[in-house]
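Working notes for the structure below.
The values are calculated or read from the model by the stated rules, or taken from the named source; none is laboratory data. Bear in mind that the values here come from a model prediction, so they are computed numbers and not experimental data. Because the Cβ atoms are built from the backbone with ideal geometry, glycine has one as well, and the counts that use them run over all protein chains shown. Note: areas computed on protein heavy atoms with side chains; ligands, DNA, RNA excluded. Shrake-Rupley method; radii C 1.70, N 1.55, O 1.52, S 1.80 Å.
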Amino acid sequence: MNRCIKTILLSLLPLVAVQALAQEQTDHPQWSLVERYCLDCHNDEDWAGQVAFSLMGPDSIHEQPAVFEAVLRKLGSRLMPPPGNEQPEQANID
């Protein structure tokens with residue numbers, strides 16, 4: 001295969017991976033809560049709390065249980081999203 005074509009194909013791999021992750025995330029109904037309430041601060045630019053949900057997907061729940069246990073504790077006690085910010089309805093938290 002031509003070296004130029006290989007370079008082009010390799011440069012496209014990250015785009016394909018991002019698209020696959022985006023599709024996976026939209027297929028998971030609870031992940032939309034993370035996208036709506038968490039991504040403004042917990043992303044790969046801001047790293048609030050040293051967490052970037054923008055680099056994670058639904059599989060991360062099983063891969064990084066300590067992170068998501070902390071998420072559940074903070075969400076359940078209404079510490080996150082921070083007071084004063086839009087909050088999920090209690091039914092969604094439950």
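Suppose we filter region 74-87 for residues that are open to solvent by 60 Å² or more (accessible area, probe 1.4 Å), in contact (Cβ under 8 Å) with a residue 40 or more places away in the chain and under 17 Å from the mean Cα position of the chain (by Cα); how many remain? Qualifying residue count, region 74-87: 1. With respect to the conditions (1) open to solvent by 90 Å² or more (accessible area, probe 1.4 Å); (2) at pLDDT below 85; (3) closer than 30 Å to ASN85 by Cα, ALA22 falls short on a single one, namely (1). Screening the candidates VAL16, VAL71 for the property of being among the β-branched types (Val, Ile, Thr), surrounded by 13 or more Cβ atoms within 10 Å (Cβ to Cβ) and either assigned to a helix (DSSP H, G or I) or modelled with pLDDT under 90 (or both) yields one hit, VAL71. Can you say whether GLU63 is among the charged types (D, E, K, R), open to solvent by 70 Å² or more (accessible area, probe 1.4 Å) and in contact (Cβ under 8 Å) with a residue 24 or more places away in the chain, as far as the supplied structure shows? Against the criterion (among the charged types (D, E, K, R), open to solvent by 70 Å² or more (accessible area, probe 1.4 Å) and in contact (Cβ under 8 Å) with a residue 24 or more places away in the chain), GLU63 does not qualify. Scanning region 31-40 for residues being buried (at least 18 other Cβ atoms within 10 Å of the Cβ) and either touching a helix residue (DSSP H, G or I) at 6+ places or on another chain (Cβ under 7 Å) or among the basic types (Lys, Arg) (or both) gives a total of 3. Out of all the residues in region 48-57, is one or more open to solvent by 80 Å² or more (accessible area, probe 1.4 Å), at negative phi and over 12 Å from the mean Cα position of the chain (by Cα)? Within region 48-57 (the criterion being open to solvent by 80 Å² or more (accessible area, probe 1.4 Å), at negative phi and over 12 Å from the mean Cα position of the chain (by Cα)), the answer is no, since none of the residues qualifies.
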